[in-house]
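Notes to accompany the following structure.
The values are calculated or read from the model by the stated rules, or taken from the named source; none is laboratory data. Please read these numbers as outputs of a predicted model, since none were measured by experiment. With ideal geometry, Cβ positions are generated from the backbone for all residues, glycine too; neighbour counts draw on all protein chains shown.
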Amino acid sequence: MTAWLVRRLAAAIAIVLAVVTITFFLIHLAPGSPCGESERQLSPEVCRRLRAQFGYDRPLAVQYVKYLWALSHGDLGESFALHRPVADALADAIPNTLTLAGAALLIDFVLGLALGVYQAVRARRFGDVVLGNVGLLFNSMPTFWLGLILLLVFSYWRRWFPLGGMSDPVLCPTLSTLRCVADRAWHLTLPALTLGLVGAAGTARYQRAAMLEVMAQDYVRTARAKGLRERRVVLVHALRNALLPFITLFGLAFPFLLTGAVLVETVFAWSGMGRLSVTAIFQRDYPVVTASALVASGMVVLGNLLADVLYAVADPRIRVRSEVT
Amino acid sequence: MRAPSWSVRRLVGASVLLLALVGCERRPGCTGDYCGAFLIVATAQPDVLLPPVTDLQYARDVTDQIFLKLADIGLSENTIGDEDFQPLLAERWEWDDPLTLVFHLDPRAHWQDGQPVTAADVAFTFDIYTDSTVNSPFRSNLRTISAVTTRDSLTPVFRFHARYPEMFYDAVYHMRILPAHLLRPVPRTQWRSAAFGRAPVGDGPYRFVSWKAGESLELAADSAFFLGRPHIRRLIWRFTPNLDVAVKQVIAGDADAVEVLGQPGNVKLARAAPQLTLYPYPGALYGFLGFNLSTGGDTTKPHPLFGDRRLRRALAMAVDREGLRKSVWEDLAHVPPGPLARLWWIWDPETRELPYDTAQARRMLTWLGWRDSNGDGIRDKDGQPLGFRILVPTSSALRLRYARLLQEQFRLVGADVQLDEVEFSVFNERVQSGRFDAALISRNPDPTPSSSVTQVWTHAGIGGSNYVRWVNPAFDRLVEQAGAATKRDEAKRLWRRAFEVMNDDAPAIFLFSTDNMAAVHRRVQGVVIRPDSYWALLRTWRIPADQLTDRDRAER
């Protein structure tokens, strides 16, 4: 197990390094420059000096080596547009994205699980067909579009939720911590629902298939034959064994949540990694773009690694196979 | 019936406790004339709160509340002489001789850490703004000032290289005075990322409180501000990147103000909101279709099409600018008679322009040899079709609309126009390097036309912001004379002549100059918006005691 873990970790580091390298060269080779951001009309002279100050006038290979050297010392560089160390900007953004992704993951899995089980139990009946089609509809929706619709309906028309933002900037500083947390949760609801609903639609389909497969197994028939109540058969005997695909889904959910967050954060003015990355890409803020790719790829690789480990822990057959190989 | 289990009872109990805590009423807060929390929604956050290293409007909106200038421009936006300027840090000033300007600082002025504002702070500020290492975007605006010295602790002295009408404007408008005692230790190479820039200490009506990156920024009124305590106690900016969502936040009551409503649809929505008052004011933005007169940015090689002045004139006459303006902006813009922003006092509707005359445009094209020889609707000459590409940034929905409408109008006179829709960063790089045929460019200049027109339209701007590479010595001379004119009437006449020379040459088709519309919650009284700096006079705004809401009264 340890050797396997070490091998996976080494592979993970190699993947992250590859992503960083590709991102570094792509963003530097893309047309445009850090001086080209829309609000600015910096004079070419000021621009030239700034480029020299940041070393952007040097050969790309030299910049890359310098970047890797700094990175190996834990230095992510300084943001051209934000006037601050990239590490500080990321430190502000990452918790916000994790909060959003965590809440969305919760909605995704809880709702997806419940719907999947319900659909499997009522397979090919009216409820299953309706939920299947509604799920397909949600799964096909672009997240930013769904976000805009939710904003329009529940915030602008119904006024049930705030129109974007992460908290009420007027009241939150005047409230107790608990009330401020509640306010933040209120602001979190729609963006988390946007990401969570789209994810849950996919999760439900996986879960339905897994449940249907398990429900046809002999041990489920045996449980029924023993006279157990159907609820116990489904929730204890069948569901527990149908949960393994969930671990795979957990690994797959990370890239989806991170890419989805890019647009959802912009629509809902949620100040996370997604918004930071999008702004940095438009501003050609090279260090922030590369660092965002580093963090995002790191999170995805770690998520998958965690899924693999959990899988090995949950399913002894996999653990044994990996130890043999 | 079974009694609830212990764990269920604990869960219910905890929930009730949580609800009770969350539902607790706050104690009553601020009352009287100096309360009020004012929430502004902005579509971007500042980059840094250190004036010399940022030229971002969003940063200036905030720093203008924290740092004072020596004096500021008046509502007339007159930049000539010093009559229309309002004292701020300097209570008065006088000219020792035509090249020496002496300010007298208000002895009551102090930094928010209690230290007095001194002439040494002014000299230090000039030193920073003109330092090549700090590389301030405003450095070139101060090149006419040779030195700033101190006569005593309250008397900074400005020396100029030469005499010109906007000396006073240059001396006071670009620099916000900085606290030398706090900033002197910061190495010049590290000014861009100085910690001070994220938690500044100023001398203005508001002091910095907090900045949640990407989320919000809060300032609090300085009750000891020497020019009078601001009525609004808390100033908060919320950052919402999407303008349409930002406008809806104001309409829904989630925010109190937005400085620019943008597209006409947003204005209609805001007009229908009963709690809002709309404030129109002249905008700084103007836009044009610029013809590239060079090939690939090389001014020695004329553009194969636009090197010909007669062709440019024909194309300019083919465009119904008024129709385009109505279609895209409705009432929120005017067709400018040249490269003019609405806020400039030199705006003169009498300026001679090329008429909208498609018949004459067609005749001229035919006379130039551009004929539709194969009947495909596109003119050609020597086997070459009359075609060019318009470069337009995807970041601007309004300019994209203009591009499509222009494409159609040019098609009607037999020109085949294709659009290059590119990301803004790419757009900027291509216009700067001259890799375009025609481009839809917008400018957002300072209150003074002199520096902007010189940089964008004269020989001095070649290699800089004169992206169309148009040079006309007669125009350059007139601009120089207009900039040197000491009387406004004379200056205005010279500017008009300059723009008439330009219009005859048609290096660009001037399409729009915007009028802005701000929306502010109606409980806020005394609202005056200065066109060049929307929130500059905010310290004089107030919320009457009987209009205060719970949000206004909430205590931190």
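Structural remarks
- Scanning segment B:242-279 for residues that are under 19 Å from residue B:534 (Cα atoms), in contact with a Leu (Cβ under 7 Å, 6 or more places away or on another chain) and charged (D, E, K, R) yields a count of 1.
- Qualifying residue in segment A:132-145 (condition: buried (at least 21 other Cβ atoms within 10 Å of the Cβ), in a helix (DSSP H, G or I) and within 23 Å of the chain's Cα centre (by Cα)): yes
- Exactly one residue among A:121, A:130, A:117, A:153 is away from chain B (no Cβ under 14 Å) and without any contact (Cβ under 8 Å) to a residue 40 or more places away in the chain, and that residue is A:130.
- Selection within segment B:223-260 - within 30 Å of residue B:116 (Cβ to Cβ) and either facing chain A (nearest Cβ under 8 Å) or crowded, with 21+ Cβ neighbours inside 10 Å (or both): B:230, B:231, B:232, B:233, B:234, B:235, B:236, B:237
Conditions tested, residue by residue: (1) surrounded by fewer than 17 Cβ atoms within 10 Å (Cβ to Cβ); (2) within 15 Å of residue B:166 (Cα to Cα); (3) in the same structural domain as residue B:228 (by TED's automatic domain parsing).
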site: B:61; (1), (2), (3): no, no, yes
site: B:75; (1), (2), (3): yes, no, no
site: B:81; (1), (2), (3): yes, yes, no
site: B:96; (1), (2), (3): yes, no, no
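- Helices (runs of 4 or more DSSP H) fully within segment A:1-103 counting 1 or more residues that are more than 14 Å from every other protein chain (Cβ to nearest Cβ) and either closer than 23 Å to residue B:428 by Cβ or in contact (Cβ under 8 Å) with a residue 12 or more places away in the chain (or both): A:2-29, A:60-72
- Annotation for segment B:519-528: no member residue is out of contact with any helix residue (DSSP H, G or I) (no Cβ under 8 Å at 6 or more places or on another chain), basic (Lys, Arg) and either buried (at least 16 other Cβ atoms within 10 Å of the Cβ) or assigned to a helix (DSSP H, G or I) (or both).
To keep it simple, each residue is scored yes or no on (1) in contact (Cβ under 8 Å) with a residue 60 or more places away in the chain; (2) over 23 Å from residue B:468 (Cβ atoms).
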{"site": "B:269", "(1), (2)": "no, yes"}
{"site": "B:279", "(1), (2)": "yes, yes"}
{"site": "B:311", "(1), (2)": "no, no"}
{"site": "B:318", "(1), (2)": "yes, no"}
{"site": "B:321", "(1), (2)": "yes, no"}
{"site": "B:359", "(1), (2)": "no, yes"}
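- Per the conditions (1) in a loop (DSSP other than H, G, I, E, B); (2) over 16 Å from residue B:346 (Cα atoms); (3) more than 14 Å from chain A (Cβ to nearest Cβ), the sole criterion not satisfied by residue B:486 is (2).
- Within segment B:213-323, strands (runs of 3 or more DSSP E) holding 1 or more residues that are assigned by TED's automatic domain parsing to the domain that holds residue B:434 and β-branched (Val, Ile, Thr): B:298-302
- When the criteria are applied in full, residue B:419 meets the requirement of being surrounded by fewer than 19 Cβ atoms within 10 Å (Cβ to Cβ), not assigned by TED's automatic domain parsing to the domain that holds residue B:241 and not in a helix (DSSP H, G or I).
- When residues in segment A:253-279 are screened for being free of Cβ contacts under 8 Å to residues at least 40 places away in the same chain and away from every other protein chain (no Cβ under 14 Å), 1 of them pass.
- Only residues that are surrounded by 14 or more Cβ atoms within 10 Å (Cβ to Cβ), assigned to a helix (DSSP H, G or I) and of a type outside the set (A, V, I, L, M) were counted in segment A:146-169, giving 4.
- Residue that is surrounded by the most Cβ atoms within 10 Å (Cβ to Cβ) [pool: residues in segment B:194-207 that are assigned to a helix (DSSP H, G or I) and in contact with a Leu (Cβ under 9 Å, 6 or more places away or on another chain)]: B:197
- Selection status of residue B:326, in the same structural domain as residue B:430 (by TED's automatic domain parsing), outside any strand (DSSP E or B) and more than 17 Å from residue B:505 (Cβ to Cβ): yes
- Residue under evaluation residue B:539, criteria (1) outside any loop (DSSP other than H, G, I, E, B); (2) of a type outside the set (A, V, I, L, M, F, W, C); (3) within 14 Å of chain A (Cβ to nearest Cβ), criterion not met: (3)
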